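Where a number appears in this text, it was derived from the coordinates with a stated rule and is not lab data. Keep in mind the model is a prediction, meaning the values are calculated, not measured. Virtual Cβ from ideal backbone geometry, glycine too; neighbours counted across all protein chains shown.
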Amino acid sequence: MGKSELAAKLGISRETLRKKLKKVKGLNTGRRQLLYPGELKLIYEEFGILKGG
């Protein structure tokens, strides 16, 4: 999934997403636009979207 697609799904701007991603521990996507499934899991957990278990 791309960062733009994720921002749209979350209902936030790409710039807001960029700032939030900087705060996610263990995540460093840099300038890369595509997010890997493991990275998405970290993001979803951080944003409280993915329920544990």
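Of the trypsin sites (Lys or Arg not before Pro) found in the chain, those that fall in a DSSP loop while having at most 11 other beta-carbon atoms within 10 Å are Lys23, Lys25, Arg31, Arg32, Lys51. Please list, or write none, the aspartates and glutamates whose alpha carbon is within less than 13 Å of the alpha carbon of Lys3, excluding same-chain residues fewer than 8 places away. Straight-distance partners of Lys3: Glu15, Glu39.
Taken about its Cα centre, the chain carries a charge dipole of about 200 debye when Lys and Arg each add +1 at the Cβ and Asp and Glu each add -1 at the Cβ. Report summary: the helix-based calculation at 222 nm, which adds -39500 (n - 2.57) for every DSSP H run with n ≥ 4 and divides by the residues of the chain, gives -15000 deg cm²/dmol. Here the scattering of the chain is modelled by Debye summation over its C-alpha atoms, one equal scatterer each and no solvent; at q = 0.15, 0.21, 0.24 Å⁻¹ the log10 of I(q)/I(0) is -0.35, -0.72, -0.96.
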